[in-house]
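Notes to accompany the following structure.
The values are calculated or read from the model by the stated rules, or taken from the named source; none is laboratory data. Note that the structure is predicted; figures quoted are calculated from it, not measured. Cβ placement follows ideal geometry from the backbone for every residue including glycine, while neighbour counts extend to all protein chains displayed. Side chains included, ligands, DNA and RNA excluded: accessible areas come from the protein's heavy atoms. Shrake-Rupley method; radii C 1.70, N 1.55, O 1.52, S 1.80 Å.
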Amino acid sequence: MDETMVSTVQTDNGMNVLLNQLIKLGPKVTKNTIIRKTAFSMAEKWMINDGKNRHKKEPNTPGGVIDDQTAMSLAILHSVERALVDGKISEATFAKASEILGRDLLVEKQNRKAKTEEFRKQNGYDQPSMLLISPSKACNLRCAGCYADSDASLPHLEWDLVDHIITDARNLWGVQFFPISGGEPLAYRSQGKGILDLAEKHPDCYFMMYTNGTLITPDLADRIGKLGNVVPCISLEGWEERTDTRRGKGVFQKAMNAMDLLHEAGVLYGTSLTATRENAEELLSDDFVDFLFNTKHVSIGWIFQYMPIGRSYTLDLMPTPQQRLWMWQKSWKLVREKKVFLADFWNHGTVVDGCLSAGGHGKGGYMYIEWNGNVTPCVFVPYSPVNVKEIYANGGNINDVYTEGFFSDIRDWQAGQTKGGKNLLTPCPIRDHNAVIRQLMRKYEATPIDDNASQAIQDGNYAKGMDHYGKEYSALADQVWQKVYVQGTPMSKEEIEALNNTPEPARIGVND
């Protein structure tokens, strides 16, 4: 689970004692209804009271931001409880999730704290809380519009190098959380090893793997269950027809089968949903969300709004500003009412203090290392000032990556947005403030990581389109920010429809 999504949950000694007692009890806590209910009831009350206290203690933090952070924390808590009630958690999964995610990353944070003070003195900000790695571009599918433009025959990072990067991040930054993307992570092979061998080599770290699910077999699911420190997030576009249209015939059913295998093996798993202009309403429909989180036992849901990068990029697939505003309202309705851990990196910037890219500027953040060794601010900003292979060849380490001027200026911009009380509903420098990222790319001569990125930066219509999108969405979101977050006045569905100037049910054809 992403540390930055829960970093706003402040803890005290009582919560520490409670969590450590639950860890000692182990999986048996799932069998004892009284202990489980008591523990989660205590945690829920503590989170609610903590939110109320923050309203009094943090007058400079918009009240709506505190409310969002409390709501997401409660959703995470209930997602954990649902997983335990389900009774299909393996011993290793319980141990790793409670010890690494719960104790090490959320409550005590000893490994991170040990590195933070010195790092902050040297660099001005806290160190990254995670590191996203795509060790290979290899993939067994050819999805339309893939941001990675995945291919089975292209370069990869050697296993020893990936191992070195993870060790560096662990030792220098205290990082224990590593999302793995691709390509298809399960298609990665180097020096006779794969992604699960990394998880086995680093048992005190947690790996979240974005996968299409088609390569998950009973034996592989069983191994993940025994490792305990891998969370697969299976990519979907919606129901079967929508998913198969983009990913290939039969992929949806293979993904459903993968979920079943993981569930039987006692693995925690999630889903990754790419929202486009064509499927946003389907992804956030009550029926689809209930299907994923209840019928298919999904614990985590990530929403990635389509970004016009990668293979056959087009601005026409981006959710419209009106759709995005509707997604903001509907996603928070699902989080608050259904208590599901469903996070949208663009619409839920209030939870993580804005943008997380370039290493982060406060509560947490990340960088992205792709298959050629290029390091970018995030996976959706495919422009790099530095290559990790060259850093290591010259005797450096990942601290040398962090201090690159391109990344430093992005962090300063992020901090300015936050400290200046700017709208956290428009947190993204490439989607919401594209002119900012273009200016920094020119200043530091950040290199496109592939031909698609090169074409986009040379496309004048692309820049104009992104600027227009940012202005149009900001015009809507600024009104929501002022009313909901600054003034603390809720907005009804009807008010959102009026703001969009288009009746929502007629526009989307979904009655939920």
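Below, the figures for the structure above:
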item: Taking the chain and dividing mean pair separation by its residue count, relative contact order in percent (alpha carbons under 8 Å, at least six apart); result: 16
item: Part-to-part distance (alpha-carbon centres) for segment 163-179 and segment 382-398, which is given in Å; result: 15
item: Nearby lysines by direct alpha-carbon distance to Lys333 (threshold 26 angstrom, same-chain neighbours under 8 apart not counted); result: Lys37, Lys45, Lys52, Lys56, Lys296, Lys363, Lys422, Lys471, Lys483, Lys493
item: Sites Asn53 and Lys333 - FRET efficiency at Förster radius 25 Å, r taken between beta-carbons, to 0.05; result: 0.45
item: D_trans [Stokes-Einstein, Kirkwood Rh over alpha-carbon pairs] for segment 230-271, 20 °C, 1.002 mPa s, µm² s⁻¹; result: 203
item: Cα centroid separation, segment 414-459 to segment 56-121 (Å); result: 29
item: Sites matching GluC sites (Glu not before Pro) across segment 384-491 that sit in DSSP coil, with at most 10 neighbouring C-beta atoms within 10 Å; result: Glu445
item: Exposure rank, largest accessible area first [Trp302, Trp239; 1.4 Å]; result: Trp239, Trp302
item: Heavy-atom accessible area per residue - the chain, 1.4 Å, Å²; result: 39
item: Cβ-Cβ FRET estimate between Gln110 and Met42, R0 fixed at 30 Å, reported to 0.05; result: 0.85
item: With every protein chain in place, the chain: carbon and sulfur % of accessible area (1.4 Å); result: 50
item: Beta bridges per DSSP with both ends in the chain, % antiparallel, nearest 5; result: 25
item: Mean Cα-pair separation over length for segment 299-388, i.e. relative contact order, pairs under 8 Å, 6 or more apart, %; result: 21
item: Packing rank of 183-196, 49-62, where each peptide gets the mean count of other beta carbons within 10 Å, highest leading; result: 183-196, 49-62
item: Rounded to the nearest 10 Å², the accessible area of Lys115 at probe 1.4 Å; result: 70
